[in-house]
Each structure stands twice: as structure tokens, then as C-alpha cells.
Amino acid sequence: MRTAYSVETVRAAERELMARLPEGALMQRAAAGLAAACADLLGRVYGSRVVLLVGSGDNGGDALYAGARLARRGAGVTAVLLAPERAHAAGLTALRRAGGAVVGVEGAEDLVPRADLVLDGIVGIGGKGGLRPDAARLASVVGASRAAVVAVDLPSGVDADTGEVRGAAMRADLTVTFGTHKPGLLVDPAREYAGSVRLVDIGLSLPLEAELEALQHADVARLLPVPTGESDKYRRGVVGIAAGSARYPGAAVLAVAGALRGGAGAVRYVGPAGDAVIARFPETLVSDQGPKRAGRVQAWVVGPGAGDDAASVAEVLAADVPVLVDADGLRLADVGAVRARRAPTLMTPHAGEAAALLGVTRESVEEARLESVRELAGRYGATVLLKGSTTLVADSGGGAVRVNPTGTAWLATAGSGDVLSGLAGSLLAAGLSAVDAGSAAAYLHGLAGRFAAEGAPVGAHDVADGIRGAWRDVRAG
């Protein structure tokens, strides 16, 4: 599992480690890893042209020491100092001794267009609120160049703790981060600025509970339900789907498609789209008598394509089993009824739906995804899966937020969310917690989208068909 920690936690771990090491040893560890990553990206260090963008903090010191290492290997290295009077003195000395040059900000416009690599050491993990004017101009110059851009710890101008980007920021091809991932490297919009991320171990001792967690194949494989010799369709779990309407029968079909591929033993469908569901999936148990009379289930999914069927949403929320609420169900669900539930509740909004529930704009949710998912989980007393370019899963009880590392932009297609709801509901019925069901479903759904798309447009039904391949891939390790 990949983990990310807050700036405060990282700073505390660094202080504890520096107290046990010789002065400057921690920075040298970071610089060594940074220089190695730059050398790998360059391929040929000797004769390459490297420009260091150096701010006033330790981030700039890391860049200077890494630049000195590259200069000793034959690179032509020049440091652009944004605050010469506050630049890291020992790092500057090391660079000059290695043959590197130093210029002011005014020299950057001539140097950057001719550089093979630019090392962004302007602002470290404590930076807030975007870049200042001089640095913003540098970011523009770098963006217009053909140089490879490597960010030191994280791109300058992004918020390490939240993933927010408020103003101008540097865009990197590679971010070399030290000790642990920072939340902003895993959460959009900041994640888009980070490029590929390389973690350098510098020996930090970190708490067991992180700010963010990103599941990997092995983590998801441990969560997925596997039948035994004594399993039957009821022991494997039965998921109820209350979805669809005369206007949106396809939502019901797609939610059932996801549910049938999610590991539960049976799927019960309740709603007006029974004929469409049976025509596509004859194994579904169909009823038009409402959720209360549908028969026993271990979990419910309610809302996809439901229109204004508030009665079904209310009936499902009153059930004493885990419930997933999506799409129209989010609009129709009473916050008091959700908070009063004793069984787990998983809500799965996209940014627009989350904005409506929070009473803010969609843009504000997309700009502060981590804050938004936590606030929504707290407000409803539920687990919330916030869909989007980086899908997040937060529990109302706090703890680490899960961030999904799989997916593709091709998943932004009508009905894809209905498939995800059915899949997650099936995992709830199979006995997974709301956090695990949401996280594992998002992981499989994203992987299925990748497999189905392969760089070309897909429909939601293709994503549903891809879940089996994603499941096999995860189980195979």
C-alpha cells in the first residue's frame, strides 16, 4: 500500500531523524537520490545542460547539492537564485566547487530554452497559495521550453497537504519526493502537475496511520471475496438494486451488470425496468413490489436513474443492511435519515453532485477534493466515494482517506458510474466494509476501464465487461 503523510508529520519525522544524524547528512541523502533520478532521466550526464531553479529553503539546498553531484559527472550546471541573500550557503559552496555557475533570475530566460533538464527547487512542502510573480514568470519560461522538468519533493506552487493549486505552479515531468508521498502528489489537481513520482527513502520513521492510502494489487486481492466449497448463492451475499425508471432503464441494466460481476451470489432488481434487466441478464431476480417486498438482501444499491422515486430511496435507507446511495438517490436522500442509520452507508457522488449536497460550486469541489470528501462524510455520517480524476474514499469516523490509483479519462462516459455502484454494492453484500467495498470497487472499475479502452473510446457496457479481466489481473498479482 502506498501512503502519504501531512507536512506536519513529515517535519516532525525529519526533526527526529536529524537529531540522530551528523549535520547535513539528511540533505545529502535526499540530494543523492535526487541526482540519481536526474541522471536516469538524462541518460547521458556528461555534456548535458542543467539549470537549477533555487529558492531560499532546504528545497533549494537539495537542488544545489544534487546539481553539484551532476556537475562532478560532467554536466554543465547553472543555478538561478530567486533569493540570493537567502540561498543555502553550504549548497552554493558545493556547487561552485564542483564547477557549477550561479546567476540571478534575469539570466533564466537565456538559460532555460537551451537546457536539457530543469530542476525545480523553488518552494518546498511548506509552500502555500501558488507562486510569487518572479517564480511564476520562471514557470512560464520553463513551460515553453523543451527541457525535462524535475521537481524537488513536489512541484513549486502546489499545496502538499491538500492537492490544491491556487495560482501559478510548476509542471514537472518527474517529481522526486523524499521519505514518503505527500497528499498533493496523489490528489488532483496537484497530481497533474507532478508527472511521474519517484520516492527516495531517507530513513524517516512515520506513524502507522497515514493521511492518505492508495491500494495496490496485493491489497485489493486480499479484499476480494472468493467462494469456498461450502458456498452457495446466499452465503456469497445477495445485493438488491433499486434503480432505473421509464426514462432511464439503462441505468438499471448497467448497475445490475456491475453487481453481477462483483462477487455476490445473486442480484435482486426492484423497479420499473425489469423487462430491460431480464432481457440482458436473465439470472437476475426481478420484482416490481418495492424494496420492502423484494426478499432478503445483504446490501442495497439505490438511486441510479431513479428519477423522482423518493419512496424507494426512503425504504432502502430504512433497511438494516449496508446501503449504497448514488445519482438521483443522493438528491432524494434525507440527511437525517442517512445519519440515523446504524448499518453502513456508502455515498458515491461525482463533483457536481457533491457540490449540490454541500451547497457550493462544482469548481470549489474540484479544486479542494480532499477537503470536500471529508466534509461530506462528516455531514452525512457516512462513507463517501467522491468520483473523478482522482477518486477518493473517506469515512465519517476519520482515518486515512483512500485515493484510487487506477482509471483512465475514457471512464468519463454516461453510465460508467452506474456500473461502479453495482460493483461496490455487490462487494458490500459479500461482507466488505463500506471503505473497503468502495476502494476495491473503484480500483477494479478503473482497471476495467483501462483494459476496455486501450487508448480508444468505450461505453459503460464495455467497462462492465472488463471487470472480470481486472479481477483476474488483481488476483494474479
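The values are calculated or read from the model by the stated rules, or taken from the named source; none is laboratory data. Just so we're clear, the structure is a prediction, and the values are computed from it rather than from any experiment. Reconstructed Cβ throughout: ideal geometry from the backbone, glycine too, with neighbour counts over all protein chains shown. The area values use the complete protein model at the heavy-atom level, side chains included, leaving out ligands, DNA and RNA. Shrake-Rupley method; radii C 1.70, N 1.55, O 1.52, S 1.80 Å.
Go through the stretch 21-52 and give me each residue that's buried (at least 19 other Cβ atoms within 10 Å of the Cβ), of a type in the set (A, V, I, L, M) and not in a helix (DSSP H, G or I).
Correct list: 45, 50, 51, 52.
I'd like the full set of residues that are hydrophobic (A, V, I, L, M, F, W, C) and either farther than 16 Å from residue 327 by Cβ or assigned to a helix (DSSP H, G or I) (or both), limited to the stretch 372-386.
Start the filter on the stretch 372-386 by keeping residues that are hydrophobic (A, V, I, L, M, F, W, C), which leaves 373, 376-377, 382, 384-386.
Within the stretch 372-386, 373, 376, 377 meet the criteria.
If you scan the stretch 226-248, which residues turn out to be closer than 19 Å to residue 300 by Cβ, open to solvent by less than 60 Å² (accessible area, probe 1.4 Å) and of a type outside the set (A, V, I, L, M, F, W, C)? Walk me through it before giving the result.
To start, the set of residues in the stretch 226-248 that are closer than 19 Å to residue 300 by Cβ comprises 233-245, 248.
Filter once more, keeping what is open to solvent by less than 60 Å² (accessible area, probe 1.4 Å): 237-245.
Those that are closer than 19 Å to residue 300 by Cβ, open to solvent by less than 60 Å² (accessible area, probe 1.4 Å) and of a type outside the set (A, V, I, L, M, F, W, C): 237, 240, 244, 245.
Out of the residues in the stretch 273-309 that are under 32 Å from the mean Cα position of the chain (by Cα) and among the aliphatic types (A, V, I, L, M), state the one that is surrounded by the most Cβ atoms within 10 Å (Cβ to Cβ).
Checking each candidate, the answer is 301.
Do we have residue 140 as of a type outside the set (Val, Ile, Thr), assigned to a helix (DSSP H, G or I) and open to solvent by 20 Å² or more (accessible area, probe 1.4 Å) here?
Values: of a type outside the set (Val, Ile, Thr): yes; assigned to a helix (DSSP H, G or I): yes; open to solvent by 20 Å² or more (accessible area, probe 1.4 Å): yes.
Criteria met by residue 140.
Matching residues to (1) in contact with a strand residue (DSSP E or B) (Cβ under 9 Å, 6 or more places away or on another chain); (2) assigned to a loop (DSSP other than H, G, I, E, B); (3) closer than 27 Å to residue 459 by Cβ:
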| residue | (1), (2), (3) |
| --- | --- |
| 315 | yes, no, no |
| 321 | yes, yes, no |
| 330 | yes, no, yes |
| 336 | no, no, no |
| 354 | yes, no, yes |
| 370 | yes, no, no |
| 388 | no, yes, yes |
| 405 | yes, yes, yes |
| 410 | no, no, yes |
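So which residues in the stretch 356-368 are touching a helix residue (DSSP H, G or I) at 6+ places or on another chain (Cβ under 7 Å) and outside any helix (DSSP H, G or I), if there are any at all?
Selection gives 361 alone.
Checking residue 414 against (1) open to solvent by 10 Å² or more (accessible area, probe 1.4 Å); (2) small (Gly, Ala, Ser); (3) in a helix (DSSP H, G or I), which test does it fail?
(3)
Looking only at the stretch 323-350, count how many residues are open to solvent by 30 Å² or more (accessible area, probe 1.4 Å) and not charged (D, E, K, R).
Residues that pass the stated criteria total 7.
Consider only pairs whose beta carbons are under 8 Å apart and that are at least six residues apart or on different chains; among these, list those whose first residue lies in the stretch 305-333 and is on the phi > 0 side of the Ramachandran plot and in contact (Cβ under 8 Å) with a residue 24 or more places away in the chain and whose second residue is open to solvent by 30 Å² or more (accessible area, probe 1.4 Å) and of a type in the set (Phe, Trp, Tyr).
Every condition considered, the pairs that remain are 305/248; 307/248.
Filtering the stretch 1-20 down to residues that are in contact with a Lys or Arg (Cβ under 9 Å, 6 or more places away or on another chain) and in a helix (DSSP H, G or I), which residue is most open to solvent (accessible area, probe 1.4 Å)? Give the derivation first.
Pass one, the stretch 1-20, residues in contact with a Lys or Arg (Cβ under 9 Å, 6 or more places away or on another chain): 4-7, 10.
Still in the list and also in a helix (DSSP H, G or I): 7, 10.
Values: 7: 21, 10: 1 Å².
Here the answer is 7.
For the stretch 436-451: of the residues being in contact (Cβ under 8 Å) with a residue 40 or more places away in the chain and surrounded by fewer than 24 Cβ atoms within 10 Å (Cβ to Cβ), which is nearest to the chain's Cα centre (by Cα)?
My answer is 446.
Taking the stretch 186-225, which residues are in a loop (DSSP other than H, G, I, E, B), open to solvent by 20 Å² or more (accessible area, probe 1.4 Å) and in contact (Cβ under 8 Å) with a residue 12 or more places away in the chain?
Of the stretch 186-225, the ones in a loop (DSSP other than H, G, I, E, B) are 186-189, 195, 201-211, 215-216, 224-225.
Now drop any that are not open to solvent by 20 Å² or more (accessible area, probe 1.4 Å), which leaves 189, 195, 201, 203-209, 211, 216, 225.
Matches in the stretch 186-225: 189, 195, 201, 203, 204, 205, 206, 207, 209, 211, 216, 225.
Consider residue 257 carefully, then state whether it is in contact (Cβ under 8 Å) with a residue 24 or more places away in the chain, open to solvent by 40 Å² or more (accessible area, probe 1.4 Å), in a helix (DSSP H, G or I) and not polar (S, T, N, Q).
Working: in contact (Cβ under 8 Å) with a residue 24 or more places away in the chain: yes; open to solvent by 40 Å² or more (accessible area, probe 1.4 Å): no; in a helix (DSSP H, G or I): yes; not polar (S, T, N, Q): yes.
Taking the combined requirement at face value, the residue does not satisfy it.
State the number of residues belonging to the stretch 53-83 that are assigned to a helix (DSSP H, G or I) and either at pLDDT 95 or above or crowded, with 23+ Cβ neighbours inside 10 Å (or both).
Selection size over the stretch 53-83: 14.
Filter the stretch 84-109 down to the residues that are open to solvent by 40 Å² or more (accessible area, probe 1.4 Å) and in a strand (DSSP E or B) and list them by number.
Answer for the stretch 84-109, where residues must be open to solvent by 40 Å² or more (accessible area, probe 1.4 Å) and in a strand (DSSP E or B): 101, 102, 103.
How many residues does the stretch 275-316 hold that are farther than 12 Å from residue 333 by Cα, β-branched (Val, Ile, Thr) and touching a Gly at 6+ places or on another chain (Cβ under 6 Å)?
Looking only at that region, the number is 3.
Return the only residue of 360, 365 being open to solvent by 20 Å² or more (accessible area, probe 1.4 Å) and either free of Cβ contacts under 8 Å to residues at least 60 places away in the same chain or of a type outside the set (Val, Ile, Thr) (or both). Even if it seems obvious, please write down each step before you answer.
Working: 365 fails: open to solvent by 20 Å² or more (accessible area, probe 1.4 Å).
Residue meeting the stated conditions: 360.
Assess whether residue 229 counts as being modelled with pLDDT of 95 or more and either assigned to a helix (DSSP H, G or I) or not basic (Lys, Arg) (or both). Give the steps one after another, and end with the answer.
Numbers: modelled with pLDDT of 95 or more: no; either assigned to a helix (DSSP H, G or I) or not basic (Lys, Arg) (or both): yes.
When the stated conditions are applied, residue 229 does not pass them.
Being in a strand (DSSP E or B) and of a type outside the set (Val, Ile, Thr) is the filter; apply it to the stretch 143-152 and report the residue that is least open to solvent (accessible area, probe 1.4 Å).
Let us first name the residues in the stretch 143-152 that are in a strand (DSSP E or B), namely 148-152.
Narrowing the set further to residues that are of a type outside the set (Val, Ile, Thr) leaves 148, 151.
Values: 148: 25, 151: 1 Å².
Among those that are in a strand (DSSP E or B) and of a type outside the set (Val, Ile, Thr), it is 151.
List pairs: first in the stretch 153-172 and surrounded by fewer than 24 Cβ atoms within 10 Å (Cβ to Cβ), second among the β-branched types (Val, Ile, Thr) and part of a loop (DSSP other than H, G, I, E, B), Cβ under 7 Å, 6+ apart or cross-chain?
Hits for this filter: 165/158.
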